[in-house]
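The values are calculated or read from the model by the stated rules, or taken from the named source; none is laboratory data. Keep in mind that this is a model prediction, so the values were computed, not measured. Quick reminder, even Gly has a Cβ in these numbers, built from the backbone with ideal geometry, and neighbours come from all protein chains shown.
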C-alpha cells in the first residue's frame with residue numbers, strides 16, 4: 001500500500017492546500033526565508049542553539065502526566081495530559097517563537113512583528129524579542145484586547161508595542177491582515193513571526209518543524225515512563241500549531257488515532273461557531289488555500305468561540321489535507337462543555353487549562369467514558385488558564401470577582 005506523503009511539495013502545497021499567495025513585494029522575502037529555513041533545519045549549530053534554547057529558556061521537556069483522579073472519576077480510558085502550560089510564557093507558542101527568532105537572527109533582521117488572538121503568541125513573541133534583542137510590534141484585534149487584557153499587559157511589560165486593530169471583525173484574522181500590511185511596508189528589516197501553521201509557504205512548515213518537539217516528547221515520555229503507546233492523541237485546532245506539534249510524530253503510525261477539536265461555539269448559525277470543516281468552504285485567504293468560513297459571496301464570515309485562540313475563520317493547510325485523507329478526525333466542542341471541562345480538570349487534578357486546550361479536554365472526557373480502561377488518551381494541554389481569568393469569572397458568574405474588577409481602583 002502506498003504511504004501518504006504529508007510533506008509539502010516544492011511550491012508549498014500539501015495535496016491541493018497551502019501555496020504561496022502573497023503580494024509580489026513579499027515573494028523575495030518568502031524565498032529568502034525558505035532558503036534560510038531549509039538550510040538551518042539540517043545545520044548542526046542551528047539545531048544545537050535551538051536545543052539549548054528549548055532547554056534553558058523554554059524549559060523543555062514539559063511534563064506528561066497521568067490524570068489519575070480524572071480517569072477514576074470518568075471510569076474509562078486512561079487520560080494523560082501533555083502540559084505545555086508549564087513552558088515559559090504559559091503555552092506551546094514559545095516553541096515556534098524561539099525557532100523563528102533564531103531564523104530572524106540568521107537573516108540579519110532587526111525588527112519582528114506578530115499577530116495574536118488569545119495573546120499567548122504575543123507574549124511569547126515579546127519574550128523572545130527581549131531575549132534575542134529585536135524591536136517588537138504585536139497586532140491584536142480590539143475585541144481580543146478587551147477579553148485578553150492580562151496578556152496585553154505582559155506583552156507591553158516585555159518591551160513590545162501592542163497595536164489595536166479596529167477594522168473588520170476586530171479579531172485574529174484582522175490582526176493577521178494588519179501584520180501583513182506592516183510586513184509589506186517594512187520587509188527589508190522586519191521578520192513576520194507568524195503564530196500558527198498557517199499563511200503562505202514556508203510558514204506552515206516552519207511552525208510545524210519547531211512544534212514537532214511536543215509529539216516527540218509525548219512518544220518518548222509515554223514509552224519510557226509508563227511503557228505505553230497512545231491509542232488517541234487529541235488537540236484543539238485554531239490555526240493548528242499545537243495540534244500539528246502533538247500529531248506530527250504519529251502521522252505515519254495509523255494505529256494511533258488523531259483527533260482535532262474546533263470551536264463549536266453555542267450554535268450552528270453563522271457567527272455562532274468556528275467549525276471550519278463542518279461549515280466552511282475551500283478558498284484562498286491570507287496567503288494560502290484551505291477551508292474557510294465564508295458567506296455566499298465568498299467573504300469571510302464572523303466566527304465565535306469562548307476562546308480567543310480558536311475564534312478564527314480559517315485552518316492550516318496541512319490540517320485540511322489531513323482531513324481530506326482521513327488521517328485525522330476533526331470534531332468540535334461547545335462552549336458549555338469546554339467550561340465544564342475547565343472546572344473538572346481544576347477540581348480533580350489541580351490544573352486550570354487554557355480555554356483553547358479545554359476543547360480537546362472536553363472531547364477526551366466524552367471519549368474516555370466510551371472506551372475500556374485498557375485504552376490510553378493523550379490530550380495536549382497547549383496552555384494554562386491564567387490568561388482567561390476575566391472570561392472565566394464572567395462565564396462562571398463570580399459576582400465578587402466581577403465586583404472587585406469594577407472597583408479595582410479602590411483596592412490599589
Checklist (1) touching a helix residue (DSSP H, G or I) at 6+ places or on another chain (Cβ under 7 Å); (2) at pLDDT 95 or above applied to residue 170, failing item = (2)
Checking residue 113 against (1) farther than 21 Å from residue 200 by Cβ; (2) touching a strand residue (DSSP E or B) at 6+ places or on another chain (Cβ under 6 Å); (3) buried (at least 18 other Cβ atoms within 10 Å of the Cβ), which single condition isn't satisfied?
-> (1)
Selection from segment 72-87 of residues in contact with a helix residue (DSSP H, G or I) (Cβ under 7 Å, 6 or more places away or on another chain), in a helix (DSSP H, G or I) and buried (at least 18 other Cβ atoms within 10 Å of the Cβ) yields 74, 84
Within segment 40-62, identify whether any single residue is at pLDDT 95 or above, in contact with a strand residue (DSSP E or B) (Cβ under 9 Å, 6 or more places away or on another chain), buried (at least 18 other Cβ atoms within 10 Å of the Cβ) and not in a helix (DSSP H, G or I), and answer yes or no.
-> yes
Return yes or no: is residue 289 in contact with a helix residue (DSSP H, G or I) (Cβ under 9 Å, 6 or more places away or on another chain), within 28 Å of residue 254 (Cα to Cα) and either outside the structural domain of residue 25 (by TED's automatic domain parsing) or not in a loop (DSSP other than H, G, I, E, B) (or both)?
-> yes
Test: residue 304 is touching a residue at least 24 places away in the same chain (Cβ under 8 Å), buried (at least 24 other Cβ atoms within 10 Å of the Cβ) and outside any strand (DSSP E or B) | no
Could you tell me whether segment 16-33 includes any residue that is within 22 Å of residue 251 (Cα to Cα), surrounded by fewer than 18 Cβ atoms within 10 Å (Cβ to Cβ) and not assigned by TED's automatic domain parsing to the domain that holds residue 181?
-> yes
Test set (1) farther than 21 Å from residue 83 by Cβ; (2) out of contact with any strand residue (DSSP E or B) (no Cβ under 8 Å at 6 or more places or on another chain) - residue 305 fails condition number | (2)
Considering segment 145-159 alone, what residues qualify as being at pLDDT 90 or above, under 16 Å from residue 387 (Cβ atoms) and either part of a strand (DSSP E or B) or in contact with a helix residue (DSSP H, G or I) (Cβ under 6 Å, 6 or more places away or on another chain) (or both)?
-> 145, 152, 154, 155, 158
Considering 339, 318, 322, which residue is within 20 Å of residue 235 (Cβ to Cβ), touching a residue at least 40 places away in the same chain (Cβ under 8 Å), over 18 Å from the mean Cα position of the chain (by Cα) and buried (at least 18 other Cβ atoms within 10 Å of the Cβ)?
-> 339
